[in-house]
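Asker: The structure follows.
The values are calculated or read from the model by the stated rules, or taken from the named source; none is laboratory data. None of these values were measured; they are calculated from a predicted model. Cβ placement follows ideal geometry from the backbone for every residue including glycine, while neighbour counts extend to all protein chains displayed.
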Amino acid sequence: MPGEESESVLTDAELLKRTAAGEREAFDELVGRHQAAVFRFARAATDGAAAAEDVLQETFLAAWRAAAAFQRRSAVRTWLLTIARNQAWHHRERAGRIPVDDVPLPELGVAAGWGDPGPEEGALRSQRRDRLARALSALAPDEREILVLRELEELTGEETAAALGIGLAAMKSRLHRARLRLAAELRRDGPC
């Protein structure tokens, strides 16, 4: 009917507002739109599919409970990924797996191949999915998180920083470190 709002064209913010009012269908739509991204992020931030499933469920449960508190300072997707990050942190903390980063940046650069002839060629060849998956799984959860947000989910620098609860400069530094560590892991896997 003309003038009526179609359920399929509601924005995420409108769905979240309806969720806050207790509309289960709006929440189901929101989950449907974002569960794949939240699961990918949770998978990168945890040690296995079962843990990622737990984080996924905990994330949407927390989102349901906090829907009324959403203040539109970021996109709903960014807000959900921030919740997922917090849930993954708590999950790792409960499991006693909080990583400590103790490798100096220059050592990461050497391991990543700085100064070697043709590192771009090696990086391009090493993008095969199985090698990348192995390399990603070798990274610390916070490194996987930032790479997934920027490279896979394609969040902007500002959105990534907001999802991680850090400033833009800190996000750039962490992203650089995570990229170096990923390159080091790909290189450690051997020549292409």
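Asker: Looking only at segment 78-97, count how many residues are in a helix (DSSP H, G or I) and either more than 16 Å from Phe41 (Cα to Cα) or touching a strand residue (DSSP E or B) at 6+ places or on another chain (Cβ under 7 Å) (or both). Talk me through it step by step, then tell me what you get.
Answerer: Looking only at segment 78-97, we keep the residues that are in a helix (DSSP H, G or I), and these are 78-95.
If we keep only those that are either more than 16 Å from Phe41 (Cα to Cα) or touching a strand residue (DSSP E or B) at 6+ places or on another chain (Cβ under 7 Å) (or both) too, we end up with 93-95.
Result for segment 78-97: 3.
Here is a yes/no grid of residues against (1) of a type in the set (Asp, Glu); (2) under 24 Å from Val55 (Cβ atoms); (3) modelled with pLDDT under 70:
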position: Ala95; (1), (2), (3): no, yes, no
position: Ser126; (1), (2), (3): no, no, yes
position: Arg134; (1), (2), (3): no, yes, no
position: Glu151; (1), (2), (3): yes, yes, no
position: Gly190; (1), (2), (3): no, no, yes
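Asker: Still on this structure, I have one more. Can you find even one residue in segment 158-178 that is in contact (Cβ under 8 Å) with a residue 60 or more places away in the chain, more than 22 Å from Ser74 (Cα to Cα) and in a helix (DSSP H, G or I)? I'd like the intermediate steps shown before the answer.
Answerer: Step one: of segment 158-178, the residues in contact (Cβ under 8 Å) with a residue 60 or more places away in the chain are 159, 162-165, 177.
When the remaining residues are screened for being more than 22 Å from Ser74 (Cα to Cα), the result is 177.
Subsequent filtering for residues that are in a helix (DSSP H, G or I) retains 177.
Yes, that holds for at least one residue.
Asker: So which residues in segment 11-48 are of a type in the set (A, V, I, L, M) and out of contact with any helix residue (DSSP H, G or I) (no Cβ under 7 Å at 6 or more places or on another chain)?
Answerer: Let us first name the residues in segment 11-48 that are of a type in the set (A, V, I, L, M), namely 13, 15-16, 20-21, 26, 30-31, 36-38, 42, 44-45.
Selection gives Ala21, Ala36.
Asker: Does Ala44 qualify as being in contact (Cβ under 8 Å) with a residue 40 or more places away in the chain, assigned to a helix (DSSP H, G or I) and surrounded by fewer than 16 Cβ atoms within 10 Å (Cβ to Cβ)? It would help to see each step written out before you state the result.
Answerer: On the way: in contact (Cβ under 8 Å) with a residue 40 or more places away in the chain: yes; assigned to a helix (DSSP H, G or I): yes; surrounded by fewer than 16 Cβ atoms within 10 Å (Cβ to Cβ): no.
For Ala44, the condition - in contact (Cβ under 8 Å) with a residue 40 or more places away in the chain, assigned to a helix (DSSP H, G or I) and surrounded by fewer than 16 Cβ atoms within 10 Å (Cβ to Cβ) - is not met.
Asker: Counting just the residues of segment 126-149 that are more than 11 Å from Phe41 (Cα to Cα) and among the basic types (Lys, Arg), which one comes out surrounded by the fewest Cβ atoms within 10 Å (Cβ to Cβ)?
Answerer: The qualifying residue surrounded by the fewest Cβ atoms within 10 Å (Cβ to Cβ) is Arg129.
Asker: Determine if segment 58-77 includes at least one residue that is assigned to a helix (DSSP H, G or I), closer than 19 Å to Gly96 by Cα and either in the same structural domain as Glu151 (by TED's automatic domain parsing) or out of contact with any strand residue (DSSP E or B) (no Cβ under 6 Å at 6 or more places or on another chain) (or both). If you could, list the steps in order and put the result at the bottom.
Answerer: Start the filter on segment 58-77 by keeping residues that are assigned to a helix (DSSP H, G or I), which leaves 58-69, 76-77.
Next cut, closer than 19 Å to Gly96 by Cα only: 58.
From what is left, the residues that are either in the same structural domain as Glu151 (by TED's automatic domain parsing) or out of contact with any strand residue (DSSP E or B) (no Cβ under 6 Å at 6 or more places or on another chain) (or both) are 58.
Taking every residue of segment 58-77 in turn, at least one turns out to be assigned to a helix (DSSP H, G or I), closer than 19 Å to Gly96 by Cα and either in the same structural domain as Glu151 (by TED's automatic domain parsing) or out of contact with any strand residue (DSSP E or B) (no Cβ under 6 Å at 6 or more places or on another chain) (or both).
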